[in-house]
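The structure under discussion appears below in the form of structure tokens.
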Amino acid sequence: MTATLTKWYDEHGRHEIFAGGKKVGMDSAQHTLVLNQDHVQAAANDTFEKSGIAKNAREEKLRAREAKLKQDAENARMAKLYREQILGEKPVEGLVSIDSIAPAPKVVRSEEPVMGD
């Protein structure tokens, strides 16, 4: 069985701490940190959410993907309108079955000899 860190510290004490090549003396693990209760109970900072700024790289990527999808949808809509209004194509609803596609007409070539040099 391996000892937990807490048990190891109880039996052997804490190891020495070095910072910047110098020994850091820690006689006690007690701290003197005092929390400001007004800050602890204050509402979260939502400045970024209100202004629409991404908070991290992941959020930037998600927003860029959403913007690209929106732009692609708008491009597809405009292409459909162009085909209908300018080119006069009729919109095809649903899937097109392969059976409904007519084969290309056969090209008949005459086998005439070619005269040349």
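One table, with the values for the structure above:
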| item | result |
| --- | --- |
| Calculated [θ] (222 nm, deg cm²/dmol) that DSSP helices of n ≥ 4 give over the chain, each run adding -39,500 (n - 2.57) | -12500 deg cm²/dmol |
| Estimated FRET transfer efficiency when R0 is 35 angstrom, pair T32-T2 (beta carbons, to 0.05) | 0.55 |
| Label-to-label distance, nm, for residues given as E89 and K70 (7 Å Cα→Cβ offset) | 2.7 nm |
| Likely footprinting exposure, S110, S51, fewest C-beta neighbours within 10 Å first | S110, S51 |
| Projected area, mean over directions - the chain, Cα convex hull, nm² | 30.0 nm² |
| Label-point separation, Q41 to A19 (7 Å along Cα→Cβ), nm | 3.3 nm |
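Read the figures in this text as sums done on the coordinates, not as results from a lab. Model, not experiment: these values are computed from the prediction. Here Cβ is always computed from backbone atoms with ideal geometry, including for glycine, and neighbour counts include all displayed protein chains.
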